[in-house]
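Heads up: the structure comes next, in structure tokens.
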Amino acid sequence: MNKEIENILGEENIVKTIKARRIQLYGHVKRMKDRQLRKILERRPEGKRTKGRPRNGLPFGWEDEVVTDLIRMDVKGLISRTKKKKRLEKNSRGGKNQ
């Protein structure tokens, strides 16, 4: 049914479009150094989480959702480069202690 609607409208699947734009935004945000948007999107709330089953079943943070999308789209090279870059940055700072 979705394919039929796509053919009639001549447009892409809206979910794919949203995921692609979210991944583009993720790339822009990751290149920002000390900008407010990056701080907001990478923020992890302190304190305890609510009891019970997660309401939406998605990972906790926005960044986790993007990484999940990349995994589902089988974009392994990008994920491994991101992890490698984080590891290099951490090692250049001298690990966790500094």
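The residue list Leu78, Leu25, Leu70, Leu58 contains one member that is surrounded by 11 or more Cβ atoms within 10 Å (Cβ to Cβ), part of a helix (DSSP H, G or I) and modelled with pLDDT under 75, which is Leu78.
Residues in region 27-48 that are touching a Lys or Arg at 6+ places or on another chain (Cβ under 7 Å) and of a type in the set (D, E, K, R): 0 in all. Name the residues in region 1-22 that are within 23 Å of Glu65 (Cα to Cα) and either at pLDDT below 70 or part of a helix (DSSP H, G or I) (or both), would you? If the condition is that a residue be within 23 Å of Glu65 (Cα to Cα) and either at pLDDT below 70 or part of a helix (DSSP H, G or I) (or both), then Glu12, Ile14, Val15, Lys16, Thr17, Ile18, Lys19, Ala20, Arg21, Arg22 are the ones that fit.
The values are calculated or read from the model by the stated rules, or taken from the named source; none is laboratory data. In this text the structure is predicted, and so the values were computed from the model without any measurement. Quick reminder, even Gly has a Cβ in these numbers, built from the backbone with ideal geometry, and neighbours come from all protein chains shown.
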